[in-house]
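The values are calculated or read from the model by the stated rules, or taken from the named source; none is laboratory data. Just so we're clear, the structure is a prediction, and the values are computed from it rather than from any experiment. Note that we place each Cβ from the backbone using ideal geometry, even for glycine, and neighbour counts take in every protein chain shown.
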Amino acid sequence: MTTTIQIRKKGQITIPVDIRERFKLEENDVVTITTLDNGAILVIPRKLKLPELLDKTADMAKKKGITLEEMLAELDEIRHNS
């Protein structure tokens with residue numbers, strides 16, 4: 001996909017809606033700008049993985065019939081025994 005955008009005053013650019021939606025970019029998300037030797041500029045989203053990781057952990061625990069309280073108790077026990 002190729003999109004042409006204009007650099008605004010103060011060097012600002014707007015990422016088009018279809019790209020923001022495709023990559024689930026929202027206001028205040030952080031991106032990394034990388035320049036390549038050939039003059040290309042990459043914009044790489046730096047989405048935090050914690051919410052995704054928490055959702056996956058909760059799903060796995062639910063499938064195994066483990067409650068949040070049981071998980072926290074197990075983590076507490078591991079910390080005390082380490």
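Brief remarks on what is shown
- Complete set of residues in region 35-52 that are over 17 Å from T14 (Cα atoms) and over 10 Å from the mean Cα position of the chain (by Cα): T35, L36, D37, N38, G39, A40
- Of all residues in region 60-82, those that are exposed (fewer than 10 other Cβ atoms within 10 Å of the Cβ) and either part of a helix (DSSP H, G or I) or modelled with pLDDT of 85 or more (or both) total 8.
- Residue check, E52 assigned to a helix (DSSP H, G or I), at pLDDT 90 or above and out of contact with any Cys (no Cβ under 9 Å at 6 or more places or on another chain): no
- Residues of region 45-58 that are surrounded by 10 or more Cβ atoms within 10 Å (Cβ to Cβ) and not hydroxyl-bearing (S, T, Y): P45, K47, E52, L53, L54, D55, K56, A58.
- Among all positions in region 13-28, there is at least one residue which is in contact (Cβ under 8 Å) with a residue 24 or more places away in the chain and surrounded by 10 or more Cβ atoms within 10 Å (Cβ to Cβ).
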